[in-house]
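Student: So that we are looking at the same thing, I have put the structure below in structure tokens.
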Amino acid sequence: MSVDASSVDVAIVGGGAAGLSAALVLGRARRRVVVFDAGEPRNAAAPHSYGFLGHDGISGAELLRRGRAEVESYGVGMVGARVLDIVPAAGDRFVVTTAAGTWDARAIVLATGLTDTLPAISGLSEIWGIDAAECPYCHGWEVRDRAIGVVGTTDKLPRIAALLTQWSRDVMLISSAAAAFTPEERRRLDAAGVRVMPKDVRRFATERGRLRAVVLADGEEIVRDAIFVAMPTHAASDLAGRLCDVDASGFAIADPEGRTSHTGIWAVGNATDRIAKLVHSAAAGSRAAASINQDLFEMDLQAAMASA
Ligand SMILES: Cc1cc2nc3c(=O)[nH]c(=O)nc-3n(C[C@H](O)[C@H](O)[C@H](O)COP(=O)(O)OP(=O)(O)OC[C@H]3O[C@@H](n4cnc5c(N)ncnc54)[C@H](O)[C@@H]3O)c2cc1C
């Protein structure tokens, strides 16, 4: 399918692991598919991605480059543009508007990902994805037995700090939020062996782009090799909020197949599941694709039977 074919079976918004996996299954099912991608995957700052069987350690950019080549080989159109709006139209179709033009589709996949709300600490964006991460399962192994700091603002902070002792005995939770921890949270951190520094972080001191130390508000420096950050997340796009039921952070509410409250609209990956990693996101896209194909097939079969 050429990318300027404007009428498709399925329009997929987001070309990350979730959206491309949906496109792969739908392309192989001989559906007319277009993927719109603004090109800002969540893990863009990380040079390597871990935990995806068969691809452990691959760069995120290379994974997506391979994915795009695979879907294009089945005729899926890739459009490097942000979707600005999606409007339900006559005949159970949707009109999809981008800066590059307008498409119409029978079904929509929202695979738009999420945004990590990094705390405003100087130096963090410089080391984000390199010496600072959010998920122990993705990046814990790389910093095993090293000096780990855990910072952040959400109530996940003590839980993540305790869990990290699975990877290192030298874990320090650094946050003034610790002053408000419950006695139970304190007991858990003590039992896990986490040291607690109940002070604010002023900045991360770096050398040639690598973390050297955490600098506290009072000027004290704590040497750390790696940082994990517990922070809020929210949906990266407001499209779901305009089309279907969402939760308080804008994540689409979807069933295990990715169906949302709006017939014809599916949501997959981090657009609906804030804890989904690459492999979960890919699996969700794949599963939704089979569900969409089945729905479209049934619709066409019913129409053929009605007109026979
Ligand atoms: C620093 C870091 C490191 C990570 N490391 C790992 C790891 O090692 N292993 C692992 O399994 N997971 C890792 N993750 C998690 C991983 O990034 C996510 O699980 C994964 O990106 C989710 O895939 P997705 O397709 O749902 O969303 P994304 O990959 O974020 O893709 C969403 C895409 O949709 C596009 N988009 C959004 N809105 C629109 C719009 N309106 N129109 C068009 N396009 C749009 C975006 O530009 C983006 O390209 C990491 C995350 C971070 C933050």
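Every read-out reported here was derived from the displayed coordinates using simple, explicitly stated rules and does not represent laboratory data. This structure is a prediction, so every number in the text was calculated from the model and none was measured. Cβ: placed from backbone, ideal geometry, glycine included. Neighbour counts: every protein chain shown.
Student: Tell me which of Ala290, Val171, Ala271 sits at the most positive position along the dipole axis of the chain, charges placed on C-beta atoms (Lys, Arg +1; Asp, Glu -1).
Tutor: Of the listed residues, the answer is Val171.
Student: Choose one of Ala46, Gly140, Gly241: the residue whose Cα lies farthest towards the positive end of the charge dipole of the chain (beta-carbon charges +1 Lys, Arg; -1 Asp, Glu; about the Cα centre).
Tutor: Gly140
Student: Ok, one more. Report, in deg cm²/dmol and to the nearest 500, the calculated mean residue ellipticity at 222 nm for the chain, where each DSSP H run with n ≥ 4 adds -39500 (n - 2.57) and the sum is divided by the residue count. Don't skip to the answer; put the middle values down first.
Tutor: Working: 8 runs with 85 residues, N = 308.
Counting only the DSSP helices, I get -8500 deg cm²/dmol.
Student: Further question: Could you give the size of the charge dipole of the chain about its Cα centre, using +1 on the Cβ of each K and R and -1 on the Cβ of each D and E, expressed in debye and rounded to the nearest 20? Walk me through the numbers before you get to the answer.
Tutor: Values: 32 positive and 37 negative charges, 98 e Å.
I would put it at about 480 debye.
Student: So which cysteines of the chain have no other cysteine's Cβ under 4.7 Å from theirs?
Tutor: Here Cys244 come out as lacking a disulfide-compatible partner, given the Cβ-Cβ threshold of under 4.7 Å.
Student: Rounded, prolate or oblate: which fits the range 118-230 when a ≥ b ≥ c are the square roots of the eigenvalues of the alpha-carbon gyration tensor, with rounded for a/c under 1.5 and prolate only if a/b beats b/c? If you can, show how the numbers build up before the last one.
Tutor: Details: a/c = 1.70, a/b = 1.24, b/c = 1.38.
Taking the square roots of the gyration eigenvalues as a ≥ b ≥ c, the range 118-230 is oblate.
Student: Now, a different point. Among Cys138, Cys244, rank each residue by its count of other Cβ atoms within 10 Å, from fewest to most, as a rough exposure measure. The partial results should precede the final answer.
Tutor: Details: Cys138 18, Cys244 22.
Taking fewest neighbouring Cβ atoms as first place, the list is Cys138, Cys244.
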